Amino acid sequence: MSQIVEVKVPDIGDFDAVPVIELFVKAGDSIKVDDAICTLESDKATMDVPSSAAGVVKEVLVKLGDKVSEGAVLIKVEAAGEAAAAPAQASAPAPAAAPAAASAPTAAAHAGSADVEYDMVVLGAGPGGYSAAFRAADLGLKTAIIERYATLGGVCLNVGCIPSKALLHVAAVIEEAEHVETAGIKFAKPTVDVDALRKHKDGVIGKLTGGLAGMAKARKVDVIRGYGSFLDPHHIEVEETTGSAQDKTGAKKVVKFKQCIIAAGSAAVHLPFIPRDPRIVDSTGALELRQVPGKMLVIGGGIIGLEMATVYSTLGARIDVVEMMDGLMQGPDRDAVKVWEKQNAQRFDKIMLKTKTVAVEAKDDGLYVKFEGEGAPAEPVKYDMILQSAGRAPNGNKIGADKAGVIVGERGFIPVDAQMRTNVPHIFAIGDVVGQPMLAHKAVHEAHVAAEVAAGQKAAFDATVIPGVAYTHPEVAWVGYTEAQAKAEGKKVEVAKFPWAASGRAIANGADYGFTKLIFDAETHRVIGGTIVGPSAGDMIGEVCLAIEMGADAVDIGKTIHPHPTLGETVGMAAEVAHGSCTDLPPMRKK
Ligand code: FAD
């Protein structure tokens with residue numbers, strides 16, 4: 001049974017007649033609950049309006065520039081009556097969607113000339129983009145990268161993976177120094193020079209982005225600075241940008257390409273009702289480390305939010321976390337998250353689960369936040385800083401893809417096949433812009449596939465698993481099947497867990513709370529998943545990834561000699577638990 005549901009503008013605070021500046025859906029699109037319908041921009045805030053219904057869009061009742069207020073109908077949806085799809089897990093590869101040529105937009109035709117011409121043009125210089133460009137150049141293609149920012153490296157190197165880890169490392173050292181008190185070593189309480197710390201983080205970024213610029217030069221990959229937008233299936237117009245942001249100079253260039261790889265990445269989602277205020281930041285703003293607030297709210301209990309909470313709380317901020325779901329850190333099994341929660345209990349004043357932030361009022365003396373839901377306090381709570389980490393949205397709708405005839409799907413994701421081709425065969429897409437999980441290591445692997453296919457090689461993206469890691473303290477790393485996923489699918493598995501309380505190295509390191517868990521297919525006895533919680537879990541999960549890709553079973557892993565004493569040997573020991581040959585634990589009951 002289907003029914004037509006109207007999706008209306010929700011409560012957007014005190015705003016009225018707010019212009020629609022972006023539209024993400026059109027009639028015929030399939031949407032899920034919480035998919036963005038449009039962006040509204042008032043003089044104080046930019047807000048994405050999420051869909052409250054799932055199904056097929058029957059009618060779009062607004063157009064760009066229309067002014068809307070609360071209650072205005074945005075779209076009509078033929079609701080399928082099914083629950084919205086669960087969010088993609090970081091450990092499961094996104095299935096490559098077969099681009100449907102039938103629904104492709106009609107490509108434009110650029111009548112003018114081109115300023116430069118290349119075999120391969122890569123749009124975006126994140127880990128996906130620069131890896132694709134370098135691989136393409138190594139395979140003999142005359143290549144250019146178009147990037148709007150001054151440095152290569154994209155989100156990951158400039159405002160993501162690397163700066164966050166530079167700060168997390170410092171936080172870990174501070175915490176480690178506190179922990180050795182139990183071993184009789186006492187350091188004075190650290191003083192934090194935020195300016196020097198920021199400089200250190202920027203130095204780390206500079207080293208890496210500078211290295212990339214050198215590698216581009218060594219490969220003769222041209223870097224064209226500016227904002228790229230397709231003119232047609234063989235031309236991109238680049239509006240030159242300058243400075244550390246993306247200020248347009250007014251100069252334009254037309255770049256012609258034989259083949260193109262779209263690597264335009266993603267951007268942080270901004271919640272509709274949150275005003276613009278310098279004390280309210282996304283992950284990029286948080287990584288700027290302008291100040292350490294007294295009290296901070298983290299909206300969104302995912303990995304990025306919790307990594308930032310780890311940094312700021314270690315530097316002295318008191319933290320509350322608000323999360324709509326019933327648990328923090330969706331993805332890994334709950335037993336691993338519980339270990340993390342126990343180790344981090346002192347870090348947070350309040351963790352509000354099944355709770356929503358519904359309003360933020362910026363006053364001179366603080367940010368007053370109203371909540372709704374199970375954990376909501378009765379009165380608004382005052383904060384000095386708010387981090388919005390409620391997810392990221394792909395940039396597929398911002399590059400004029402329709403002029404190239406490239407299909408852009410739900411919320412800006414570009415569908416690709418296993419060779420990373422879009423529906424336009426000489427245009428590829430990779431990284432965050434093609435789907436979940438939005439992770440740098442996925443982007444790099446897809447990049448190599450796209451470049452190799454473009455250079456005429458036989459390649460396909462065929463990863464069995466993609467690992468996910470929360471680089472919190474302790475780290476939580478997982479790959480492939482979790483126990484919860486196996487249970488939900490009714491898949492028969494054998495679960496083997498090695499508690500770090502039985503690991504000499506973990507005890508020596510004060511990390512005996514951790515564990516390593518392996519999941520085996522009950523029929524084939526091959527390893528199909530793993531979860532590790534404890535220091536360096538992210539470094540160790542790679543062995544489980546390799547074991548899964550190689551089709552290893554418990555004997556293969558257990559009989560591989562791991563160095564002793566290491567945390568890494570807990571992977572071998574978990575395999576021995578599965579095999580029944582572990583001598584580092586009390587005797588197991590005979591099966
Ligand atoms: P991006 O890195 O987003 O790069 C896209 C590039 O394209 C950008 O430089 C952008 O400026 C450019 N661009 C876009 N449109 C245009 C245009 N029209 N013209 C010119 N240039 C354009 N992942 C991990 O694997 N591990 C981590 O530890 C990790 N930590 C993270 C921490 C934070 C705080 C954040 C925000 C993300 C983190 N990620 C992490 C995710 C990771 O950063 C992304 O998955 C990765 O950067 C995606 O790479 P990409 O090449 O697809 O796109």
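The values are calculated or read from the model by the stated rules, or taken from the named source; none is laboratory data. Please read these numbers as outputs of a predicted model, since none were measured by experiment. Glycine gets a Cβ as well: all are built from the backbone with ideal geometry, and neighbour counts include every protein chain shown. The protein model used for the area step is the full one, side chains on, heavy atoms only, and it has no ligands, DNA or RNA in it. Shrake-Rupley method; radii C 1.70, N 1.55, O 1.52, S 1.80 Å.
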Where a Cα-Cα gap under 25 Å defines reach, which lysines qualify for K492, not counting those fewer than 8 residues away within the same chain?
K338, K517, K559, K590, K591
With no solvent and one equal point scatterer per Cα, compute the Debye intensity ratio I(q)/I(0) for the range 212-253 at 0.15 Å⁻¹ and report its log10, rounded to two decimals.
-0.46
Length gained if D584 through Q291 is fully extended, taking 0.36 nm per residue and subtracting the Cα-Cα distance, is 100.7 nm
Could you tell me the accessible area of D193 in Å² (1.4 Å probe, neighbours in place), rounded to the nearest ten?
90 Å²
Calculate the translational D of the range 349-397 in whole µm² s⁻¹ from Stokes-Einstein, where the hydrodynamic radius comes from the Kirkwood formula applied to all Cα pairs, the temperature is 4 °C and the viscosity 1.567 mPa s.
105 µm²/s
Is the range 537-591 best put as rounded, prolate or oblate by its Cα gyration tensor, with a ≥ b ≥ c the root eigenvalues, rounded for a/c under 1.5, and otherwise prolate when a/b is larger than b/c, oblate when not?
oblate
The range 332-462 - Rg (one decimal) and Dmax (whole number), Cα, Å:
21.5, 63
Where does each of M385, M325, M550 land when they are ordered by accessible area, with a 1.4 Å probe and the largest first?
M550, M325, M385
Net charge, D320 excluded, C-beta distance under 9 Å - Lys, Arg +1, Asp, Glu -1
+2
What is the extension gain from F187 to K207, computed as 0.36 nm multiplied by their sequence separation minus the C-alpha to C-alpha distance, in nm to one decimal?
4.1 nm
Among all the aspartates and glutamates, which ones have a C-alpha under 14 Å from K442's C-alpha, if same-chain residues fewer than 8 places away are not counted?
D432, D462
Solvent-accessible area of Y227, probe 1.4 Å, all protein chains present, reported in Å² to the nearest ten, please.
50 Å²
Based on C-alpha coordinates, I'd like the Rg and Dmax of the chain, in Å.
24.8, 78
The chain, helix-only ellipticity at 222 nm - DSSP H runs n ≥ 4, -39,500 (n - 2.57), divided by all residues, nearest 500:
-7500 deg cm²/dmol
With every protein chain present, what is the per residue accessible area of the chain (1.4 Å probe, Å²)?
46 Å²
Which value, to two decimals, describes the C-alpha radius of gyration of the range 423-578 once divided by 2.2 N^0.38 Å?
1.16
Compute the Rg to Rh ratio over the range 229-381 from the alpha carbon atoms, using the Kirkwood formula for Rh, and round to two decimal places.
1.10
Suppose accessible area is computed on protein heavy atoms with a 1.4 Å probe; arrange Y118, Y149, Y481 from highest to lowest.
Y149, Y481, Y118
Surrounding net charge for V493, when Lys and Arg each add one and Asp and Glu each subtract one, Cβ distance under 9 Å
0
At a 1.4 Å probe radius, which order do M573, M120 fall into by accessible area, largest first?
M573, M120
Extent of the range 102-177 along each principal axis, from alpha carbon coordinates, in Å, largest to smallest?
64, 33, 25
Of K8/K295; K63/K354; K58/K487; K32/K165; K142/K458; K220/K252, which ones are farther than 27 Å apart at the Cα?
K8/K295; K63/K354; K58/K487; K32/K165
Taking every DSSP bridge whose two residues both lie in the chain, the antiparallel percent to the nearest 5 is 70 percent
What does the charge count near M550 come to, summing +1 for each Lys or Arg and -1 for each Asp or Glu among other residues with Cβ under 11 Å from its Cβ?
-3
From the P(r) of the range 419-498, can you give the percent of Cα pairs sitting at distances over 18 Å?
56 percent
